[in-house]
Amino acid sequence: MNKERDTEPDTAVVVCPDGPILVRGNFEIVSTTGEKLPRDRQTVALCRCGASAIKPYCDGSHKMIGFRTEFPE
């Protein structure tokens with residue numbers, strides 16, 4: 001029996017249709033310059049529409065701009 005497969009992963013990623021990417025668990029968010037970004041919650045929502053005023057975090061702007069995603073069937 002593989003104990004590694006029997007435990008929950010440290011981090012989980014959920015891509016929300018027409019919304020943000022949710023990341024849960026033990027992880028760091030790092031900017032393009034290598035700077036560690038602040039995180040005070042176990043789960044964060046990351047913007048993928050590009051309209052958030054608090055990037056890289058989601059502020060709900062995707063709803064106001066009508067952001068839509070396509071997922072393969």
Amide H contacts under 5 Å for Leu46, placed H, 5+ residues apart | Ile21, Leu22, Val23, Cys58
When ranked by the protection proxy of mean other Cβ atoms within 10 Å per residue, highest first, what sequence do the peptides 59-67, 10-18 form?
-> 59-67, 10-18
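Bear in mind that the values in this text are calculations on the coordinates, not laboratory data. All values derive from a computational prediction rather than experimental measurement. Every residue, glycine among them, receives a Cβ derived from its backbone with ideal geometry; neighbour counts consider all protein chains shown.
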